[in-house]
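Let me begin by presenting the structure, written as structure tokens, before commenting on it.
Nothing in this text is a laboratory measurement; each read-out follows from the coordinates by a stated rule. If you're wondering where the values come from, they're calculated on a predicted model, not measured in any experiment. Using ideal geometry, Cβ is built from the backbone for each residue, glycine included, and neighbour counts are taken over all protein chains shown.
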Amino acid sequence: EGAARSTRKEFIQFLHVALGSLAEAETQLILARRLDYQVEDTIFNNIENIRRMLLGLIRFLRK
């Protein structure tokens, strides 16, 4: 969806939306863990890696 944006500015905005969605998913997983559901640590590692990739792409596109 984001790749179909017509301008770089719009694409960057979409990447920020993706960051927000990632944060929402992370919050749900934290709550699930607090409720004693089993949530693998690798999921949180993946979330952090994805966050870094998104932020890196945003920084690159802003240059």
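I'm trying to understand the selection: among the residues of the stretch 1-58, which are among the polar types (S, T, N, Q) and not in a helix (DSSP H, G or I)?
Narrowing the stretch 1-58 to residues among the polar types (S, T, N, Q): 6-7, 13, 21, 27-28, 38, 42, 45-46, 49.
Passing the criteria: Ser6, Thr7, Gln38.
Output the residue which, of all residues in the stretch 1-29 that are over 15 Å from the mean Cα position of the chain (by Cα) and among the hydrophobic types (A, V, I, L, M, F, W, C), is surrounded by the fewest Cβ atoms within 10 Å (Cβ to Cβ). Top of the filtered list is Ala3. In the stretch 30-63, the qualifying residues are those that are under 30 Å from Thr7 (Cβ atoms) and among the charged types (D, E, K, R), and the one that is surrounded by the fewest Cβ atoms within 10 Å (Cβ to Cβ) is Lys63.
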